[in-house]
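Only one structure is covered here, and it is reproduced in the block below.
The values are calculated or read from the model by the stated rules, or taken from the named source; none is laboratory data. Only a predicted model underlies this, so the values are computations on that prediction, with no experimental measurement involved. Methodologically, a virtual Cβ is constructed for each residue, glycine included, from the backbone with ideal geometry; neighbour enumeration extends over all protein chains shown.
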């Protein structure tokens with residue numbers, strides 16, 4: 001029994017020593033937040049699945065409205081109330097959709113730096129645009145929904161709205177830590193773009209909702225994917241973190257380990 005107690009004591013000491021080393025390593029990785037930009041943690045490249053649930057559900061619900069009789073009738077009633085029925089059309093939405101994207105480069109030009117340097121930022125934007133384009137055009141070809149004002153069957157989803165919200169999410173990711181108001185302003189502009197697509201009688205409400213969700217998802221996906229493809233980019237990765245806590249109960253030795261990567 002004495003030998004067993006002695007062995008248990010040594011084992012516990014080793015576990016605590018190991019736990020202390022892992023804990024110190026984890027704490028050291030947390031201190032990266034005060035080191036130069038090359039190693040500062042960057043949470044823009046995290047993709048939490050729960051953040052995709054609502055956009056995905058809304059896109060699916062919007063798709064049901066395309067060929068569902070009762071929902072289609074509700075959609076058309078909303079269209080009558082929100083649109084100008086083809087009269088008094090404005091063209092500002094053709095340009096407004098790009099405003100949040102231009103704001104990212106404009107702010108940087110005036111010395112207000114965002115999260116990423118020029119080339120990484122541009123690469124992420126290009127990947128966002130490509131993802132959004134594939135999703136929007138693929139769904140337009142699949143659903144072939146007729147536009148409110150013409151016989152063209154490419155209404156669902158709204159490409160203008162998708163672009164606007166893609167750019168808004170881009171602005172938000174780059175500047176949310178500089179100022180939340182800068183990030184939120186992009187969504188206000190994107191919402192205005194979506195409304196104008198309805199006002200101009202170019203899209204139904206479900207087209208706009210789906211476009212907004214696709215735009216947001218596309219940008220989130222690009223931020224997550226970019227550093228995985230371009231591993232030598234200057235994106236600031238969150239370092240591996242681990243915390244180990246040993247325990248000893250009823251002659252049972254163990255280790256609780258928590259990891260973030």
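Flag: residue 121 matches the condition of being within 19 Å of the chain's Cα centre (by Cα) and in the same structural domain as residue 156 (by TED's automatic domain parsing). The set of residues in the stretch 138-167 being farther than 18 Å from residue 58 by Cα and part of a helix (DSSP H, G or I) consists of 141, 167. I'd like to know if the stretch 83-96 contains one or more residues that are modelled with pLDDT of 85 or more, assigned by TED's automatic domain parsing to the domain that holds residue 128 and over 30 Å from residue 183 (Cβ atoms). Scanning the stretch 83-96, I find at least one residue that is modelled with pLDDT of 85 or more, assigned by TED's automatic domain parsing to the domain that holds residue 128 and over 30 Å from residue 183 (Cβ atoms), so the answer is yes. When you check residue 103 against the structure, is it in the same structural domain as residue 157 (by TED's automatic domain parsing), modelled with pLDDT under 95, over 20 Å from residue 135 (Cα atoms) and touching a helix residue (DSSP H, G or I) at 6+ places or on another chain (Cβ under 6 Å), yes or no? No; evaluated as a whole, the condition is false for this residue. Each residue in the stretch 67-98 was checked for being surrounded by 12 or more Cβ atoms within 10 Å (Cβ to Cβ) and part of a helix (DSSP H, G or I), and 11 of them qualify.
Conditions (1) modelled with pLDDT of 95 or more; (2) farther than 24 Å from residue 53 by Cα; (3) touching a helix residue (DSSP H, G or I) at 6+ places or on another chain (Cβ under 8 Å), marked per residue:
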position: 190; (1), (2), (3): yes, no, yes
position: 209; (1), (2), (3): yes, no, yes
position: 217; (1), (2), (3): yes, no, yes
position: 234; (1), (2), (3): no, yes, yes
position: 239; (1), (2), (3): no, yes, yes
position: 259; (1), (2), (3): no, yes, no
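Of the residues making up the stretch 44-66, those that are under 12 Å from the mean Cα position of the chain (by Cα) and either within 20 Å of residue 203 (Cα to Cα) or not in a helix (DSSP H, G or I) (or both) are 46, 47, 48, 49, 55.
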